1. Restricting attention to the range 120-144, report how many residues are part of a helix (DSSP H, G or I) and open to solvent by less than 30 Å² (accessible area, probe 1.4 Å).
2. List the number of the failed condition for T229; all other conditions in (1) within 20 Å of A69 (Cβ to Cβ); (2) touching a Gly at 6+ places or on another chain (Cβ under 6 Å); (3) of a type outside the set (D, E, K, R) hold.
3. Residues being without any contact (Cβ under 8 Å) to a residue 24 or more places away in the chain and open to solvent by less than 70 Å² (accessible area, probe 1.4 Å): count how many of those fall in the range 186-233.
4. Let me confirm something: among E159, E148, which residue is modelled with pLDDT under 95 and more than 17 Å from T229 (Cβ to Cβ)?
5. Look at the range 61-71 and say how many of its residues are of a type outside the set (S, T, N, Q) and crowded, with 17+ Cβ neighbours inside 10 Å.
6. Just the residues that are part of a loop (DSSP other than H, G, I, E, B) and either open to solvent by less than 20 Å² (accessible area, probe 1.4 Å) or within 21 Å of H222 (Cβ to Cβ) (or both), please, taken from the range 149-185.
7. Go through the range 100-119 and give me each residue that's within 23 Å of N177 (Cβ to Cβ) and exposed (fewer than 14 other Cβ atoms within 10 Å of the Cβ).
8. Is it true that some residue in the range 196-203 is of a type in the set (A, V, I, L, M) and farther than 21 Å from N68 by Cα?
Amino acid sequence: MTQTDSAPPRSRLLSRSFGGIFRFARRRPLTTLLSCLLFVALVLFAYREFTFRSQLKFARREVERGHNAAAAPGLATCRAIRPTDAELLLLCATTARRSGLWEEAESLLDEYSKSHGDDDALVFERIALRATRGDLEFAAPLLIARIEAGGDRARAAREALVAGLLHRFRWFEADRNLAAWLQSSPDDTFALMLRGKLDEQRLQTEAALASFKRVVELDPDHDEARLRTTTLL
């Protein structure tokens, strides 16, 4: 008889293993219960952590692309799991600002300040919010300085500055800033969206439609651009 033939069947090994587990559980029920509870807690923690990280990553990508509505469900899921996370609060504040929910954005930034202090990320988002609401006398010089310095927040500074100019109907300045922006980045969907909104305000429907169509060409998943295109058509 070979070594393989003499080995006990797999079903017998499994039976012995489960039998040993059941005997241990009978002898030490409290230890077994605590072990099971700890295992379940670890599984739930791992699941929540995975859900938070995956949804935050998705929401971050959507916010960076200007897909504010698409990012909302992921942000809501993350808020239910870890409501005071620093990056999450800033992403929520950004989407609220872009959506015109300025009081909500202010509340989120206050919450960030209480949990994480007044760092550079918070200061910038407060400036962007004030600009978007039309407080350009205070915010515009600071945003222009950010634009001229370049770096990661230059694009966001351009967006907030032009949004504020459109809110105040300062069309000449908005047009000048957009022209400079598009000259350096002709396919920037944020700049094209704002160009379309400027042309909408000026009742230049064909020009606005061309900008929104271009955004859809560059980013077919851009819901706002698709909606505005359909509305104008």
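1. Qualifying residue count, the range 120-144: 13.
2. For T229, the exception is condition (2).
3. Residues in the range 186-233 being without any contact (Cβ under 8 Å) to a residue 24 or more places away in the chain and open to solvent by less than 70 Å² (accessible area, probe 1.4 Å): 8 in total.
4. From the options E159, E148, the qualifying one is E148.
5. Number of matching residues: 6.
6. Hit for the range 149-185 is S185, nothing else.
7. G100
8. Yes - at least one qualifying residue is present in the range 196-203.
The values are calculated or read from the model by the stated rules, or taken from the named source; none is laboratory data. Just so it is clear, the structure is predicted and the values come from calculations on it, not from any experiment. Cβ coordinates were reconstructed from backbone atoms using ideal geometry, including for glycine residues, and neighbour counts include every protein chain displayed. Side chains included, ligands, DNA and RNA excluded: accessible areas come from the protein's heavy atoms. Shrake-Rupley method; radii C 1.70, N 1.55, O 1.52, S 1.80 Å.
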